[in-house]
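> Sharing a structure, written as structure tokens. Questions coming.
The values are calculated or read from the model by the stated rules, or taken from the named source; none is laboratory data. None of the values given here were measured: they were computed from a predicted structure. Neighbour counts run over all protein chains shown; Cβ positions are idealised from the backbone, glycine included. Accessible surface is based on the protein model in full, side chains and every heavy atom, while ligands, DNA and RNA are left aside. Shrake-Rupley method; radii C 1.70, N 1.55, O 1.52, S 1.80 Å.
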Amino acid sequence: MPSISKKGLSMPESPIRKLVPFAEAAAKKGKKIYQLNIGQPDIKTPDVAMQAVKDNSIEVLSYSHSAGFASYREKLAKYYERNDIHVSAEEIIVTTGGSEALLFAMGTITDPGDEVIIPEPFYANYNGFATSSGVTIVPIESSIENNFALPPISEFEKLITESTKAILLCNPGNPTGYLYTKEEVQQIADLALKHDLFVVADEVYREFTYDGVKHNSIMSIPELANNAIMVDSVSKRFSMCGARIGCLVSKNKEVITTAMKFAQARLSPPTLAQIASEAALDTPQEYFEEVNEEYTLRRNILVEGLEKIEGVNVAKPKGAFYCIAELPIESADDFAQWLLEDFEYEGETVMVAPAAGFYSTPNTGLNQVRIAYVLKRENLERALQILEVAIKEYTSK
């Protein structure tokens with residue numbers, strides 16, 4: 001029998017989705033599952049986006065330009081301008097989700113064997129993107145004790161080698177919810193300039209910031225123009241995960257020219273989804289104000305509820321809609337599976353994402369879980385009640 005590639009065998013499973021078969025089996029048994037494991041917002045997609053697709057009179061669903069609709073890119077540039085990010089339509093490539101933008105970035109700036117430094121825990125699929133690109137992730141661990149703030153720059157510097165090509169940041173962070181300060185972003189910029197590195201910034205949660213704290217984009221630092229690459233997406237911002245529209249943004253002409261080759265190779269991003277995404281940019285500011293208010297309330301319910309559970313330690317997020325919680329257990333993988341297979345409370349259970357898959361360092365985060373506060377407030381409160389019962393039962397086995 002022909003053999004599978006080493007690359008394919010080394011591709012990591014998603015810590016978010018690998019428990020799906022157990023959840024499906026639990027659901028077949030009649031259990032109600034509160035899904036705290038995945039960042040799928042329950043916020044309604046803006047009407048203007050859905051209506052744009054319904055009202056369109058396209059007769060032939062054709063390819064778009066490989067970089068995406070010119071009209072969409074021009075509108076995106078105006079959106080970024082309002083967020084103190086000064087780019088032109090020519091400096092934007094529309095992609096099939098933020099995931100493809102990250103793959104394009106990896107393909108553009110790295111060769112097999114190159115290294116990318118990433119603060120961990122980080123979005124689990126970075127592991128997969130790196131594996132598929134033949135890139136080595138060099139992790140630098142942040143700590144739950146200080147809410148996963150940026151590790152000291154001196155620790156970054158120790159990790160830089162001749163093979164280092166980039167630093168990758170997620171800001172605000174998935175899975176931590178940490179929002180980097182202006183000073184932290186500037187420190188990374190200064191380090192990148194000193195060592196002639198790229199900075200790839202995953203900023204898909206830009207709109208979700210709390211407690212009056214502002215998001216600081218890597219693209220807002222003028223001297224970093226040739227080093228900065230931004231990855232973005234409509235998935236979370238407009239509750240349009242299924243649209244699969246993102247973009248890669250850079251003022252570096254060589255980056256854009258090279259990334260365009262990858263864009264041409266996959267032909268074009270989806271046409272109908274671009275129509276919806278372009279229209280979504282007309283969403284009124286009140287939408288985001290209401291969404292942020294809702295997520296702030298959900299965050300407070302979740303964090304305060306977790307803090308009341310004996311033995312649980314939780315980092316308080318300032319952005320996105322995730323948090324990392326440390327549980328009084330040894331294996332979050334075992335606990336998460338047990339929740340679905342062997343536990344129920346009044347016919348209900350919860351689903352969490354084991355956090356070890358958000359680390360690159362082996363045997364790290366084993367007792368941590370990522371929780372997404374994307375459920376309605378009453379459902380979050382019920383999920384916390386069930387989780388507290390579950391932890392007591394699991395630890396007394």
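> So which residues in the range 222-246 are within 16 Å of Asn171 (Cβ to Cβ), of a type outside the set (S, T, N, Q) and open to solvent by less than 20 Å² (accessible area, probe 1.4 Å), if there are any at all?
Of everything in the range 222-246, those that are within 16 Å of Asn171 (Cβ to Cβ), of a type outside the set (S, T, N, Q) and open to solvent by less than 20 Å² (accessible area, probe 1.4 Å) turn out to be Leu224, Ala228, Ile229, Met230, Val231, Asp232, Arg237, Gly246.
> Could you list, in sequence order, the residues of the range 158-188 that are within 21 Å of the chain's Cα centre (by Cα) and among the small types (Gly, Ala, Ser)?
Ala166, Gly173, Gly177
> Among what's in the range 266-281 and is of a type outside the set (A, V, I, L, M) and assigned to a helix (DSSP H, G or I), pick the residue that is most open to solvent (accessible area, probe 1.4 Å).
Of the range 266-281, the ones of a type outside the set (A, V, I, L, M) are 266, 268-271, 274, 277-278.
Keeping just the survivors that are assigned to a helix (DSSP H, G or I) gives 271, 274, 277-278.
Numbers: Thr271: 19, Gln274: 0, Ser277: 0, Glu278: 40 Å².
Here the answer is Glu278.
> Which condition number does Ser132 fail, the rest of (1) open to solvent by less than 40 Å² (accessible area, probe 1.4 Å); (2) within 21 Å of Ser14 (Cβ to Cβ) being met?
Going through the list (1) open to solvent by less than 40 Å² (accessible area, probe 1.4 Å); (2) within 21 Å of Ser14 (Cβ to Cβ), Ser132 breaks only (1).
> Could you list, in sequence order, the residues of the range 113-157 that are without any contact (Cβ under 8 Å) to a residue 40 or more places away in the chain, under 20 Å from the mean Cα position of the chain (by Cα) and assigned to a helix (DSSP H, G or I)?
Listed by number, the residues that qualify are Phe129, Ala130, Ser133.
> Among the residues of the range 1-42, write down those that are within 20 Å of Lys376 (Cβ to Cβ) and among the polar types (S, T, N, Q). Before you say what the answer is, go through the steps one by one.
So in the range 1-42, the residues within 20 Å of Lys376 (Cβ to Cβ) come out as 23, 27, 31-42.
Gln35, Asn37, Gln40, listed by residue number.
> Being of a type in the set (A, V, I, L, M), in contact (Cβ under 8 Å) with a residue 24 or more places away in the chain and more than 21 Å from Glu381 (Cβ to Cβ) narrows it down to one of Ala332, Ala315, so name that one.
On the way: Ala315 fails: more than 21 Å from Glu381 (Cβ to Cβ).
Just one listed residue meets the conditions, Ala332.
> A further question on this structure: Taking the range 110-129, which residues are open to solvent by less than 20 Å² (accessible area, probe 1.4 Å), over 14 Å from Val231 (Cα atoms) and not charged (D, E, K, R)?
Passing the criteria: Thr110, Val116, Ile117, Ile118, Pro119, Pro121, Phe122, Ala124, Gly128.
> So, restricting to helices (runs of 4 or more DSSP H) that lie completely within the range 1-112, which ones have at least 1 residues that are at pLDDT 95 or above and in contact with a strand residue (DSSP E or B) (Cβ under 8 Å, 6 or more places away or on another chain)?
Working: elements: 6-10, 20-28, 47-55, 70-82, 97-109.
Once the helices (runs of 4 or more DSSP H) in the range 1-112 are filtered for at least 1 residues that are at pLDDT 95 or above and in contact with a strand residue (DSSP E or B) (Cβ under 8 Å, 6 or more places away or on another chain), what remains is 70-82, 97-109.
Residues are listed down the side, and each one gets a yes or a no for (1) within 30 Å of Arg237 (Cβ to Cβ); (2) acidic (Asp, Glu):
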| site | (1), (2) |
| --- | --- |
| Val303 | yes, no |
| Gly319 | yes, no |
| Cys323 | yes, no |
| Asp334 | no, yes |
| Gln337 | no, no |
| Asp342 | no, yes |
| Tyr345 | no, no |
| Ala355 | yes, no |
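> OK, next. Could you check, for the range 48-55, whether at least one of its residues is open to solvent by 20 Å² or more (accessible area, probe 1.4 Å), farther than 30 Å from Lys261 by Cα and of a type in the set (Val, Ile, Thr)?
Yes, the range 48-55 contains at least one residue that is open to solvent by 20 Å² or more (accessible area, probe 1.4 Å), farther than 30 Å from Lys261 by Cα and of a type in the set (Val, Ile, Thr).
> Taking the range 57-79 on its own, how many of its residues are over 23 Å from Ile93 (Cα atoms) and either of a type in the set (Asp, Glu) or open to solvent by less than 60 Å² (accessible area, probe 1.4 Å) (or both)?
1
> I'd like the full set of residues that are over 20 Å from the mean Cα position of the chain (by Cα) and among the charged types (D, E, K, R), limited to the range 189-222. Don't jump to the end; show me each part of the working.
Step one: filter the range 189-222 for residues over 20 Å from the mean Cα position of the chain (by Cα), giving 189-197, 211-212, 220-222.
Scanning the range 189-222 gives Asp190, Lys194, Asp196, Asp211.
> Condition first: assigned to a helix (DSSP H, G or I) and open to solvent by less than 20 Å² (accessible area, probe 1.4 Å). Now tell me which residues in the range 368-383 satisfy that. First the steps, then the outcome.
Of all residues in the range 368-383, those assigned to a helix (DSSP H, G or I) come to 377-383.
Leu380, Ala383 - these are the residues of the range 368-383 that are assigned to a helix (DSSP H, G or I) and open to solvent by less than 20 Å² (accessible area, probe 1.4 Å).
> Return the residues of the range 360-373 that are over 17 Å from Val314 (Cα atoms) and of a type outside the set (Gly, Ala, Ser); say none if nothing qualifies. Spell out how you get there, then give the answer.
Residues of the range 360-373 that are over 17 Å from Val314 (Cα atoms), as a first pass: 360-363.
Answer for the range 360-373, where residues must be over 17 Å from Val314 (Cα atoms) and of a type outside the set (Gly, Ala, Ser): Thr361, Pro362, Asn363.
> How about the range 176-206: which of its residues are under 16 Å from Met219 (Cβ atoms), open to solvent by less than 10 Å² (accessible area, probe 1.4 Å) and assigned to a helix (DSSP H, G or I)?
Once the filter is applied, which keeps residues that are under 16 Å from Met219 (Cβ atoms), open to solvent by less than 10 Å² (accessible area, probe 1.4 Å) and assigned to a helix (DSSP H, G or I), the range 176-206 yields Val185, Ile188, Ala189, Ala192.
> Could you tell me whether the range 325-343 includes any residue that is under 24 Å from Glu207 (Cα atoms) and touching a helix residue (DSSP H, G or I) at 6+ places or on another chain (Cβ under 7 Å)?
Going residue by residue through the range 325-343, those that are under 24 Å from Glu207 (Cα atoms) are 325.
Those left that are additionally touching a helix residue (DSSP H, G or I) at 6+ places or on another chain (Cβ under 7 Å): 325.
So far as the range 325-343 goes, yes, one or more of its residues are under 24 Å from Glu207 (Cα atoms) and touching a helix residue (DSSP H, G or I) at 6+ places or on another chain (Cβ under 7 Å).
> Shifting gears a bit: If we keep just the residues of the range 80-96 that are without any contact (Cβ under 8 Å) to a residue 12 or more places away in the chain and of a type in the set (D, E, K, R), which is least open to solvent (accessible area, probe 1.4 Å)?
By that ranking, first place goes to Glu81.
> Filter the range 138-148 down to the residues that are open to solvent by less than 20 Å² (accessible area, probe 1.4 Å) and among the aliphatic types (A, V, I, L, M) and list them by number. Explain how you work it out, then say what you get.
Step one: filter the range 138-148 for residues open to solvent by less than 20 Å² (accessible area, probe 1.4 Å), giving 140, 142, 144, 148.
Ile140, Ile144 - these are the residues of the range 138-148 that are open to solvent by less than 20 Å² (accessible area, probe 1.4 Å) and among the aliphatic types (A, V, I, L, M).
> Given the structure, is Ala259 open to solvent by less than 10 Å² (accessible area, probe 1.4 Å) and either not in a strand (DSSP E or B) or not small (Gly, Ala, Ser) (or both)? Step through it out loud before you land on a result.
Details: open to solvent by less than 10 Å² (accessible area, probe 1.4 Å): yes; either not in a strand (DSSP E or B) or not small (Gly, Ala, Ser) (or both): yes.
Yes; evaluated as a whole, the condition is true for this residue.
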